[in-house]
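Got a structure here, written out as structure tokens. Questions coming.
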Amino acid sequence: MSEKIEQELLSIFPQLYFDAQPIFQMKADSQKVIGYELLLRSTERNRFPLSFFQQVIKYKKLHTRLLQWYRNEIFSLLHPNEETKISLNIHPQQLSYPETFLMLADLAPYHDRILIEITEDDTEPSIACDPKSFLMNKINQIKKMRFSVALDDVGTGIHSLTNIAPMLDKIDVIKFSPISLRVLSQKEIFFLIDFWRNIASNRKIQFIVEGVETSDIHEYLLEEEIFLQQGFYLDKPAPADQLKRKK
């Protein structure tokens, strides 16, 4: 990496912040927030800084800087409020760095309040043909630190059923999102929700549907007694700094 590119990437760090999107436990006449998914954002566009992130996780020095930022932000969120629980997205590429596990070791005192979400993204070099060989060892390391582990966006990316089936006995949560499946009909999306719910139920894994953006999906989930939900229809993400002020 050239010094110019490195400096450009470093200049973005002060723009970073986390949004927090609530995860709800729905009931017949009420809803309860059971945790928040942390979403990396940049003040430049108030959205995920995809290009920045993709470049940073390729380089150990910059990635270590990002992990230090993660660590400090998470400590500042969890320390003031003993009730707050969070989900932290980890790209598989990040699991190739020992520094990621050093960060998790620092956060281990909060293991019962942090869900580690492994995203569906591929790595360089690719692990798409056999993610189990790479991920199983990493998941075991995370579990030894007593964190719960989720697989994000099942059915997409490297998280096809064929790929994740051998790992399900190590997983605590699977998350399904219809957002990337808008080319499908509503009936087809409902079929996939039922399919993944049955997989989770048979394996005694928690099942969360995220990307709940319409009343149709929300009502369908309630009818099917799928009560763990997340999405814009229920509540939009808000700056995670607000959690620091909760009493």
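State which residue is surrounded by the fewest Cβ atoms within 10 Å (Cβ to Cβ) when the search covers only region 173-199 and only residues that are within 21 Å of the chain's Cα centre (by Cα) and over 21 Å from residue 162 (Cβ atoms).
182
Scanning for something among the hydroxyl-bearing types (Ser, Thr, Tyr), in contact with an Asp or Glu (Cβ under 9 Å, 6 or more places away or on another chain), at pLDDT 95 or above and surrounded by 15 or more Cβ atoms within 10 Å (Cβ to Cβ), does region 214-221 turn up at least one residue?
Among the residues of region 214-221, not one is among the hydroxyl-bearing types (Ser, Thr, Tyr), in contact with an Asp or Glu (Cβ under 9 Å, 6 or more places away or on another chain), at pLDDT 95 or above and surrounded by 15 or more Cβ atoms within 10 Å (Cβ to Cβ), which makes the answer no.
Restricting the search to region 85-125, which residues are touching a Gly at 6+ places or on another chain (Cβ under 8 Å), more than 16 Å from residue 158 (Cβ to Cβ), crowded, with 20+ Cβ neighbours inside 10 Å and not hydrophobic (A, V, I, L, M, F, W, C)?
87
When region 126-161 is examined, which residues are found to be of a type in the set (S, T, N, Q), surrounded by 13 or more Cβ atoms within 10 Å (Cβ to Cβ) and in contact (Cβ under 8 Å) with a residue 24 or more places away in the chain?
Once the filter is applied, which keeps residues that are of a type in the set (S, T, N, Q), surrounded by 13 or more Cβ atoms within 10 Å (Cβ to Cβ) and in contact (Cβ under 8 Å) with a residue 24 or more places away in the chain, region 126-161 yields 141, 148, 156.
Oh, and also: May I ask you to list the residues in region 18-44 that are out of contact with any Asp or Glu (no Cβ under 7 Å at 6 or more places or on another chain) and among the polar types (S, T, N, Q)?
25, 30, 31, 42, 43 - these are the residues of region 18-44 that are out of contact with any Asp or Glu (no Cβ under 7 Å at 6 or more places or on another chain) and among the polar types (S, T, N, Q).
Would you check which residues across region 165-192 are farther than 18 Å from residue 231 by Cβ and in contact (Cβ under 8 Å) with a residue 24 or more places away in the chain and list them?
Within region 165-192, 166, 167, 168, 169, 170, 171, 172 meet the criteria.
What is the one condition in (1) in contact with a helix residue (DSSP H, G or I) (Cβ under 9 Å, 6 or more places away or on another chain); (2) in a helix (DSSP H, G or I) that residue 162 does not satisfy?
(1)
Checking residue 2 against (1) over 16 Å from the mean Cα position of the chain (by Cα); (2) surrounded by 12 or more Cβ atoms within 10 Å (Cβ to Cβ); (3) more than 22 Å from residue 101 (Cα to Cα); (4) not aliphatic (A, V, I, L, M), only one condition comes out false. Which one?
(2)
What about residue 168, is it outside any helix (DSSP H, G or I), hydrophobic (A, V, I, L, M, F, W, C) and more than 26 Å from residue 30 (Cβ to Cβ)? Spell out how you get there, then give the answer.
Values: outside any helix (DSSP H, G or I): no; hydrophobic (A, V, I, L, M, F, W, C): yes; more than 26 Å from residue 30 (Cβ to Cβ): yes.
Considered against the rule, which asks whether it is outside any helix (DSSP H, G or I), hydrophobic (A, V, I, L, M, F, W, C) and more than 26 Å from residue 30 (Cβ to Cβ), residue 168 comes out as no.
Another question, then. Is it true that residue 224 is touching a residue at least 24 places away in the same chain (Cβ under 8 Å), more than 25 Å from residue 43 (Cβ to Cβ) and surrounded by fewer than 14 Cβ atoms within 10 Å (Cβ to Cβ)?
yes
Quick one: count up the residues across region 191-247 that are assigned to a helix (DSSP H, G or I) and of a type in the set (Phe, Trp, Tyr).
4
Report yes if residue 99 is at pLDDT 95 or above, among the acidic types (Asp, Glu) and closer than 30 Å to residue 190 by Cα, otherwise no.
The answer is no for residue 99.
The values are calculated or read from the model by the stated rules, or taken from the named source; none is laboratory data. None of the values given here were measured: they were computed from a predicted structure. Glycine also receives a Cβ, built like all others from the backbone with ideal geometry; neighbour counts cover every protein chain displayed.
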